[in-house]
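The values are calculated or read from the model by the stated rules, or taken from the named source; none is laboratory data. Being a predicted model, the structure only gives us computed values, none of them experimental. Heads up, the Cβs are rebuilt from the backbone with ideal geometry, glycines too, and the neighbour counts pull from every protein chain shown.
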């Protein structure tokens, strides 16, 4: 220990050299420790407390993570570490055996505090980004997680360097020689980091997006994105955890385009019993012409057909000669008119009412439109209202909905069957 006023004081008491050294060492350690503790308390009770209270009381929300992640608290640990480091240089003789271990220990403390402070800073940066973006949009989680891993690796390298006395570059060269092992150990982290960069640079997924990933049974909103995993809250409130790199290596569906378009697709078909399809006679046309939604259509279409048949000398009394309206064609025109008058549908988006190929289940009349309301419950209500009306309107056109026979149908058949 360096000679100072404390050792001089004990030497004047005619104490042995060993006792003087021991007493001076103990008192110096106690003095330095008390000074470090006192300085830490002063910093935490004054400056740190003031900054924390100011962050929590102001109207800004973006700075709350600085207090929430205890960034300022971790930075305050530099105060006692710095005091102890200065005391070592001031009171310990570099030639003594205790100087080097003490210096290495305090250097290790510097590294640990630096790592803790940097990781807290990265966590705060991610939280601030989420607050500023209101939990929507791209996430920094992948980058901050990668930064934390890099910080831990560098911290470990510096700690090994401090305690072994070797250069950090020498340790890095040794790790470079173990590339295969390093790749194996950090395989998931490397894949996750590369995938995170690709996802964020191409804007494949954002927080809040509705995604479907059938391979992992995920169907819901993205609630968290990290370097290793992406968490999806399914509609039944369960959580699916998917490896980040799976979004790059596999296909998935992102419904963000639907949300941004302002519409949500309605795609559903009515199966018409083919046996109920027929040409319209005068009585049926007269009935249709009294329907407000299609009265103009019936009038114009009938005039067009009459002119065509007269021009081509078609036999008006023959069902298959010339052109004639059918009840299914009029029903399709009615569906178009009904949907065009529905205020809940987008009229400027894709708007189709079409026939699909006939099947063993009848003739499908498919409706392909977009609702204005994207909220699930409202969307389902709009869709249900449309098909409630159309299903009830089908008999008005002398049509039937195709339905496989049920027990009720068989009972009705047995009741109408003549007795032997």
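Points worth noting:
Yes or no, residue by residue, for (1) buried (at least 18 other Cβ atoms within 10 Å of the Cβ); (2) outside the structural domain of residue 368 (by TED's automatic domain parsing); (3) at pLDDT below 90; (4) in contact with a helix residue (DSSP H, G or I) (Cβ under 7 Å, 6 or more places away or on another chain):
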residue: 233; (1), (2), (3), (4): no, yes, no, no
residue: 239; (1), (2), (3), (4): no, yes, no, no
residue: 245; (1), (2), (3), (4): yes, yes, yes, yes
residue: 251; (1), (2), (3), (4): no, yes, yes, no
residue: 268; (1), (2), (3), (4): no, no, no, yes
residue: 272; (1), (2), (3), (4): yes, no, no, yes
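- Candidates 363, 399 - the one that is crowded, with 17+ Cβ neighbours inside 10 Å, in contact (Cβ under 8 Å) with a residue 40 or more places away in the chain and part of a loop (DSSP other than H, G, I, E, B): 399
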